[in-house]
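Everything on this sheet refers to the single structure shown next.
The values are calculated or read from the model by the stated rules, or taken from the named source; none is laboratory data. No experiment lies behind these values; they were computed from the predicted model shown. Cβ atoms come from the backbone with ideal geometry, glycine included; neighbour counts cover every protein chain shown. Heads up: the accessible areas ignore ligands, DNA and RNA and are worked out on the full protein's heavy atoms, side chains in. Shrake-Rupley method; radii C 1.70, N 1.55, O 1.52, S 1.80 Å.
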Amino acid sequence: MNPTEDYEDVEIYIRRPGVEKGSDGEKCVWSATYREMARLSNRFVVEAITETQLEKGEWGIGLRERGDEQYSQRFQITPLVADQADHEVQNRVAALLNHWRQ
C-alpha cells in the first residue's frame, strides 16, 4: 500500500464562468480521496450533493483530480428551473462522474 494514495483527491466544484480555480467564488460540492471515489457509486455521490443554493445565471461545474481539471461543462439556471437548481446540479454531477469513470 502506498501511503501517498490517501492524498490523491478528487473534487467536484461549481463556479461562475471567469472565476479562477480555487478562488472564493468557487464552491467545492464534493471531495474524496481517489481510492474512496473509485469505491463509491455514482448514485451515492450524486445523492450526497444537496443544497447548492445557486442563483440564476450561467455556471460551470467540473471534476478535478489531484488539482488538475479533468472535465467541465457549463449550464444555466433559468427562472423556470431556479426552484430545481439542486436537481440540475445532481444531473450535471452524474454526467461528470460517468465521463470520469470511462
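Take the residues of segment 77-87 that are free of Cβ contacts under 8 Å to residues at least 24 places away in the same chain and within 20 Å of Thr50 (Cβ to Cβ): which is nearest to the chain's Cα centre (by Cα)? The qualifying residue nearest to the chain's Cα centre (by Cα) is His87. Can you tell me which of (1) of a type in the set (Gly, Ala, Ser); (2) surrounded by 12 or more Cβ atoms within 10 Å (Cβ to Cβ); (3) part of a loop (DSSP other than H, G, I, E, B); (4) modelled with pLDDT of 90 or more is the one Gly22 doesn't meet? Just one mismatch for Gly22, condition (4). Just one of the listed residues (Leu40, Leu54, Leu80) is among the hydrophobic types (A, V, I, L, M, F, W, C) and either closer than 11 Å to Tyr13 by Cα or surrounded by fewer than 13 Cβ atoms within 10 Å (Cβ to Cβ) (or both), namely Leu80.
Hey, any hits in segment 25-32 for a residue that's of a type in the set (Asp, Glu) and open to solvent by 40 Å² or more (accessible area, probe 1.4 Å)? The answer is no; no qualifying residue exists. Scanning segment 25-77 for residues that are part of a strand (DSSP E or B) and of a type in the set (Phe, Trp, Tyr) turns up Trp30, Trp59, Tyr71, Phe75. Pairs are defined by a Cβ separation below 7 Å, a sequence spacing of at least 6 or placement on different chains, a first member in segment 36-64 that is over 20 Å from Gln76 (Cβ atoms), and a second member that is open to solvent by less than 10 Å² (accessible area, probe 1.4 Å) and aromatic (Phe, Trp, Tyr); the pairs so defined are Arg64/Tyr13. Among the residues of segment 49-92, just one is more than 20 Å from Met37 (Cβ to Cβ) and touching a His at 6+ places or on another chain (Cβ under 9 Å), namely Val81.
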